[in-house]
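Taking it in order: structure first as structure tokens, then the write-up.
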Amino acid sequence: MKITTILKYASLATLVLGVAVGCSSTSQETACSPQQAKDAIAAAKAANKRAKSVDNEWRDTAKIIAQAEKAQADGKCEEAVKLANKARNQAENAVAQAEKDKQPVVANEKPAPTSNVGSYSVVKGDNLWNIAAKPSIYNNPFEWPLIYKANSGKIKDADLIYPGQVFAINANPSSADVAAAVHHAKSRGAWSLGTVEASDKAYLAQ
């Protein structure tokens, strides 16, 4: 084989190897790293700490952070980051909601509709908390007692609802009703599945 031919193949092999190494390097650079997961979880914890400081921590934020930490411990970096970012988003929304609630209410001002739907069909994984948090419902999980009261004939336990149930949604609750619902959500106390808490009974009787 001529020397020029040998050199030609050698150059080609070098080029192919260089491209392969480059692709491998790029893949490694874009892969999720343990530090990314650690930073995402830290950011979620910091955001949730702020939510706690304004007494507006969402019900499952801490649970999601714990899930992110478990995913990180199991080496599931991307899942850990995804969960941590979800928790951070919830916490930041909670802080924003708290700031919004601090805004003074103008006397005799008619409250704007807080929901754009008249009913909601329960799906698997739902609870009153996450239904109320939906932007199309109340965009505030602490308003879940509004749904509970409006559907007390269908809901025996506020912590136990079922797929297929259809709940009426009050699109125009009064500011007093909203305040009472949020107060109940934040002061309800301990709860357990299958039990109608005394605080829930008192709220329904208001």
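Assorted remarks:
- Single unsatisfied condition, Ala132 versus (1) in contact (Cβ under 8 Å) with a residue 24 or more places away in the chain; (2) in contact with a helix residue (DSSP H, G or I) (Cβ under 6 Å, 6 or more places away or on another chain): (1)
- Number of the exception - Lys45 against (1) within 22 Å of Asn140 (Cα to Cα); (2) in a helix (DSSP H, G or I); (3) modelled with pLDDT under 85; (4) over 13 Å from the mean Cα position of the chain (by Cα): (3)
- Across segment 120-159, the number of residues qualifying as hydrophobic (A, V, I, L, M, F, W, C) and either more than 27 Å from Asn89 (Cβ to Cβ) or in a loop (DSSP other than H, G, I, E, B) (or both) comes to 6.
- Pairs, first over 15 Å from Gln35 (Cβ atoms) in segment 69-93, second hydroxyl-bearing (Ser, Thr, Tyr) and open to solvent by less than 70 Å² (accessible area, probe 1.4 Å), C-beta under 9 Å, six or more apart: Lys86/Thr61; Ala87/Thr61; Arg88/Thr61; Gln90/Thr61; Ala91/Thr61
- Ser199 passes every criterion in (1) surrounded by fewer than 20 Cβ atoms within 10 Å (Cβ to Cβ); (2) modelled with pLDDT under 75 apart from (2).
Residues checked against (1) closer than 17 Å to Ala185 by Cβ; (2) open to solvent by less than 30 Å² (accessible area, probe 1.4 Å); (3) touching an Asp or Glu at 6+ places or on another chain (Cβ under 9 Å); (4) assigned to a helix (DSSP H, G or I):
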site	(1), (2), (3), (4)
Lys52	yes, no, no, yes
Asp55	yes, no, no, no
Ile64	no, yes, no, yes
Ala68	no, yes, yes, yes
Ala71	no, yes, yes, yes
Glu79	no, no, no, yes
Asn85	no, no, no, yes
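- Segment 140-178 - residue that is closer than 14 Å to Tyr203 by Cα and in contact with a Ser or Thr (Cβ under 8 Å, 6 or more places away or on another chain) and, of those, surrounded by the most Cβ atoms within 10 Å (Cβ to Cβ): Glu143
The values are calculated or read from the model by the stated rules, or taken from the named source; none is laboratory data. Given the structure is predicted, the values throughout are model-derived calculations rather than measurements. Backbone-built Cβ (ideal geometry, glycine too); neighbour counts: all protein chains shown. Areas reflect the complete protein model, heavy atoms only, side chains present, ligands, DNA and RNA absent. Shrake-Rupley method; radii C 1.70, N 1.55, O 1.52, S 1.80 Å.
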